[in-house]
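The values are calculated or read from the model by the stated rules, or taken from the named source; none is laboratory data. On a predicted model such as this, the values are computed, not experimentally measured, just so you know. Neighbour counts are summed over all protein chains in view; Cβ atoms, including those assigned to glycine, are modelled from backbone coordinates with ideal geometry. Remember, those area values only see protein heavy atoms, side chains included, never the ligands or the DNA or RNA. Shrake-Rupley method; radii C 1.70, N 1.55, O 1.52, S 1.80 Å.
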Amino acid sequence: MKIVENNKVFIIETKSTHYVMAVDCEGVLNHIHWGKPCKAEDYVCSYNGWEKNSNHSAREFSKTEYITFGGTVYRPNAIAAKYADGCREAVLTYDSHKITQEDNSLLLEITLKDKPYNLLVTLCYRIREGYDVIERFAKIKNASDNLIILDKTASGEFNFPSKRPYTSTNANGSWGAEFKMENTELKNGVLSYESKKGGSGHTNSPFFILSQNADEKQGEVYFGALAWSGNFKVELSRDYVGTTRAVIGLNDFDFSYNLHAGEEFITPSVYCGYTNGFAEMSNQMNSFAACHILPKRYAKEPLPVLYNSWEATWFNVSCESQQALAEIAASIGCELFVMDDGWFGERKDDHAGLGDWYVNEKKFPNGLKPLIDKVKSLGMRFGLWFEPEMVNPDSDLFRAHPDWTYHYDTRTPSLLRNQLVLNLTRDDVKEYVFKCMDDMLSQYDISYIKWDMNRAFSETGAENLENPQELWYRHIKAVYEIADALKAKYKDLQIECCASGGGRADLGSLSHFDMVWTSDNTDPVDRLEIQNGFSLLYPIKCMRAWVTDTNRRKRPNDLDYRFNVSMQGSLSIGGNLLEYTKEELDTHKKYIELYKEIRNTVQFGKFYRLADFKRDELYATQYVDDSQSVVFVCTNANSFFTEKFHHINLCGLDPDQLYEVKYFDNVIKKSGSYLMNVGLDFDTWGPLNSIIIMINKA
Ligand code: DGJ
C-alpha cells in the first residue's frame, strides 16, 4: 500500500486498487479514478471549465470529491454551510495536504478552504495493509471568528466510472424483517436510503453497494458503509450524461450544527472499497471489521454461546425461574447466561419501570447475587439487559424528572411501547444513565450487557441545546460515549447492541459494541434471508442468532433445521428450556458441542454465499479457514410437490488438495477443484430440510 502525491495528483494505492484525485485549474479537488490500478503518470485532471450551455455548467458534470451547496451545481451535495454575513454558499479550493504513517495505516489528509470565511474542510483517507478498504471521513473546522452553521456534513461523495446504469443493492425491511436484500437499477434521478427516526433503523441500511454484471465471484462492485447508528442518508444519483455518484453521511433532515470559532466537527467514517464480486467485498469487510473496527478487547476472540431468557420468561423473571433456566443452559453447554427485560423497578410488562435501574425486590428479594452466584457456580458468565436511553412515564425517574425527555411543552408526547426517549444531550441525564449501569456493574459480577433501544424519536425538543437540531447527532455520540466509558472502566465487559432486533445494526454500533442482536424474528426460514442481507457488509461473528421456539406451530420444523440456521452466525439459545424433552435438550447439547468445534471457522473464516432462496430455492453458505471448511444447506418452506434435485459448487478450497467430505451418512474424497467446479448433488429434498457438510483435508 502507498499514497503518493505528484503535482497535486493524489494516488491511494490499496492491495489491488487505485483511488485517485487531482486538483483542477480552479483549485477544486476532483475525482479521477477508483478501480483497477493504472500507470501513475497516466492520471491527469481533465476539467477545463468550459461551459456546455447556459443551462448546464461545466461544474455540473465534473466529478468532485466533496461538492458544496452553491455555485452552479444542483446534485446532492456533501456539505452546506451558512455564514454570519448571510452567505449560504461554500466554495472549497485546495489549501494543503499531509500524508502520515501510523502503525499499520497510512492517512492522507487534503485540506480545502473557503478562503473568505476561513472554513477548513479536511478530507481524510486512511488505508491499511492487506485490504482494499478505505476509511473516509471529513474534519470541518471553523478557523474564523464568527459562527458557521453547518446544514449538511456528509462523510464522503463518490463518483463511479461507468456511464451504464449501476445496480444498487441495499438491505431493507422493517421490524422483524430486517436486511432484505433488494436490487434496484439506478436510472436518472436520485434514489435515497435513509433514517429519520433517531436510530439507523430497520428500514434501510446505511450503506451503498453499486455493481455492474456482478455476482458472488466476479464483476465490479463498489461499496461504502457508514459507521453511524443514527439518522443517515445515502443519496445515489445519476445525471443525464450518465454519471453515477453517491453521497453518504449524517442525514441533513432536521439537522444543523453550530460550529463556533475555533471548533472542529468530525464526520462519522465511511468504509468503502472496490472489489471483484460480492464474496470478495463481504470477506474483506468481515476481516477488516475484526482487525480495525470492532472494539479491540474481544475483536479476535470467538463469541461465547449464550442463553437469553427473553422468549422463555418474557417480563416474568424471578430468581427461581432464572436459576432453573441457568441450570439447564449450563448443562447443554452455554457459556453465558443473559437475563433479559423485567428484573428492575416496577417492571411487570412494558408499561412501567424503564429508567428505574434498581433490582425489583419482589422478584429478587436478596438482590441479584443468588442468581449470579448460581450462574457462576455453573461455569457461565452473567449478562443483564438494559434499555438505558428510555423512560416509562410510570417510573420514579419520570416522576422526579419529567423534563428529562425530548419534548415540547405545547405538544402531547407520542408514546411508543409506552415509553419516551431520554434527552441524552443533557449532561445530567447522560451522567444518570452511566451511573445506573455503573452501580449495577460495580455491585455485581456482570460481564455482559444487552443494550436495547425500542422506539423511534418524536417531539424532539431539546431546549438545553443552543441549537436543538444538533440532538440527532449528539444523542448517538452520547450513546457511544457511555458504552466506551463502561468498557474503559470494566475491561472485560462485552456489550450487545439491540434495537428491537436489528434496528441499530451498523458499523457505528460495531465500533463501540461487540455484537448486535440481528432481529426479533427467530423463525429460521425468515432468518436466513435476514442473515443473508446482514452478511453483505457486517461481520459474521457479530450476528447473534438464537435457536428458539418461534413459529414452531405455524411452520413445523425440527431443531436440526433451527440449529443449522443459527450456527451460521454467533450461535445463541433463546427457547424455553424448561419445556423441552430430554431428547430435545440432548439435541441442543449435541449441536452446541459441534458449534464449539467449528465456531472459529464460522466467526473468522472466509465466507461464501453459495445459494439463496430467490435464485436457487435453496440457501447455502460456506466457511473456510486453514483447518477446515463447513457448509450449511437449507431448503425453503415450499410444498413437498416442489421437491428438487439440488446442486452446489463450493468455494475457497485449494484446487490441488484432496478433501474428505462428510454429509448425511456419506463420506467421499474429492479434490478441491472437483468440489469447486463439479460440485455436490443432493437427492430430491422436501421442504425445510438442512444439513451441515464438514470438509477436512484428507
Ligand atoms: C426487544 C429486543 O429485541 C428483545 O430481544 C428483548 O430484549 C425485548 N426488547 C425486551 O423488552
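Structure data summary
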{"quantity": "Meets criteria (surrounded by fewer than 16 Cβ atoms within 10 Å (Cβ to Cβ), modelled with pLDDT of 95 or more and closer than 23 Å to TYR274 by Cα) for LEU123", "calculated": "no"}
{"quantity": "The one condition in (1) farther than 19 Å from GLU178 by Cα; (2) within 16 Å of the ligand (Cβ to nearest atom) that SER500 fails to fulfil", "calculated": "(1)"}
{"quantity": "Residue satisfying all of: in segment 429-474; among the charged types (D, E, K, R) and touching a Phe, Trp or Tyr at 6+ places or on another chain (Cβ under 8 Å); nearest to VAL375 (Cα to Cα) among these", "calculated": "ASP445"}
{"quantity": "Some residue of segment 517-528 being more than 16 Å from the ligand (Cβ to nearest atom) and either at positive phi or crowded, with 24+ Cβ neighbours inside 10 Å (or both)", "calculated": "yes"}
{"quantity": "Check on LEU371, open to solvent by less than 70 Å² (accessible area, probe 1.4 Å), closer than 27 Å to LEU577 by Cβ, within 16 Å of the ligand (Cβ to nearest atom) and out of contact with any Leu (no Cβ under 6 Å at 6 or more places or on another chain)", "calculated": "no"}
{"quantity": "Qualifying residue in segment 345-357 (condition: under 30 Å from LEU465 (Cα atoms), touching a Cys at 6+ places or on another chain (Cβ under 8 Å), outside any strand (DSSP E or B) and aromatic (Phe, Trp, Tyr))", "calculated": "yes"}
{"quantity": "Answer residue from segment 288-305, given it is of a type in the set (Lys, Arg) and assigned to a helix (DSSP H, G or I) and is farthest from the ligand (Cβ to nearest atom) among those", "calculated": "LYS296"}
{"quantity": "Residue in segment 151-168 that is surrounded by the fewest Cβ atoms within 10 Å (Cβ to Cβ), counting only those that are outside any loop (DSSP other than H, G, I, E, B) and of a type outside the set (Ser, Thr, Tyr)", "calculated": "ASP151"}
{"quantity": "Selection count where residues are more than 12 Å from the ligand (Cβ to nearest atom), farther than 24 Å from THR587 by Cβ and either open to solvent by less than 20 Å² (accessible area, probe 1.4 Å) or in contact (Cβ under 8 Å) with a residue 24 or more places away in the chain (or both), scope segment 317-350", "calculated": "5"}
{"quantity": "Filtered residue count, segment 446-465, keeping only those that are within 16 Å of the ligand (Cβ to nearest atom) and open to solvent by 20 Å² or more (accessible area, probe 1.4 Å)", "calculated": "2"}
{"quantity": "Candidates SER671, SER690 - the one that is farther than 19 Å from LEU594 by Cβ and either hydroxyl-bearing (Ser, Thr, Tyr) or modelled with pLDDT under 95 (or both)", "calculated": "SER671"}
{"quantity": "Matching option when the condition is outside any strand (DSSP E or B), farther than 16 Å from GLY156 by Cβ and touching a helix residue (DSSP H, G or I) at 6+ places or on another chain (Cβ under 6 Å), among PHE179, PHE255", "calculated": "PHE255"}
{"quantity": "Which numbered condition LYS233 misses (of (1) open to solvent by 20 Å² or more (accessible area, probe 1.4 Å); (2) part of a loop (DSSP other than H, G, I, E, B))", "calculated": "(2)"}
{"quantity": "Which numbered condition ASP560 fails, given (1) within 16 Å of the ligand (Cβ to nearest atom); (2) out of contact with any Asp or Glu (no Cβ under 6 Å at 6 or more places or on another chain); (3) closer than 24 Å to TYR608 by Cβ", "calculated": "(1)"}
{"quantity": "Among the residues listed as PHE207, PHE253, PHE179, the single one being in contact with a Phe, Trp or Tyr (Cβ under 9 Å, 6 or more places away or on another chain) and surrounded by fewer than 17 Cβ atoms within 10 Å (Cβ to Cβ)", "calculated": "PHE253"}
{"quantity": "Members of segment 351-367 found to be within 16 Å of the ligand (Cβ to nearest atom) and either touching a strand residue (DSSP E or B) at 6+ places or on another chain (Cβ under 7 Å) or closer than 16 Å to ASN454 by Cβ (or both), listed by number", "calculated": "HIS351, ALA352, GLY353, LEU354, GLY355, ASP356, TRP357, ASN360"}
{"quantity": "Any hit, segment 121-137, residues being in contact with a Gly (Cβ under 7 Å, 6 or more places away or on another chain), in a strand (DSSP E or B) and under 24 Å from PHE253 (Cα atoms)", "calculated": "yes"}
{"quantity": "Verdict on LEU384 being more than 16 Å from the ligand (Cβ to nearest atom) and of a type in the set (A, V, I, L, M)", "calculated": "no"}
{"quantity": "Residue count, segment 466-480 (criterion: out of contact with any Leu (no Cβ under 8 Å at 6 or more places or on another chain) and either within 16 Å of the ligand (Cβ to nearest atom) or touching a residue at least 24 places away in the same chain (Cβ under 8 Å) (or both))", "calculated": "6"}
{"quantity": "Test result for ASN308, modelled with pLDDT of 95 or more, within 15 Å of the ligand (Cβ to nearest atom) and open to solvent by less than 10 Å² (accessible area, probe 1.4 Å)", "calculated": "yes"}
{"quantity": "Qualifying residue in segment 466-479 (condition: closer than 15 Å to PHE386 by Cα, open to solvent by less than 40 Å² (accessible area, probe 1.4 Å) and among the aromatic types (Phe, Trp, Tyr))", "calculated": "no"}
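Listed here are the residues, each with its yes/no results for (1) part of a helix (DSSP H, G or I); (2) out of contact with any strand residue (DSSP E or B) (no Cβ under 8 Å at 6 or more places or on another chain); (3) more than 16 Å from the ligand (Cβ to nearest atom); (4) open to solvent by 10 Å² or more (accessible area, probe 1.4 Å).
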{"position": "ILE482", "(1), (2), (3), (4)": "yes, yes, yes, no"}
{"position": "ALA485", "(1), (2), (3), (4)": "yes, yes, yes, yes"}
{"position": "ALA505", "(1), (2), (3), (4)": "no, no, no, no"}
{"position": "PHE513", "(1), (2), (3), (4)": "no, no, no, no"}
{"position": "ASP549", "(1), (2), (3), (4)": "no, yes, no, yes"}
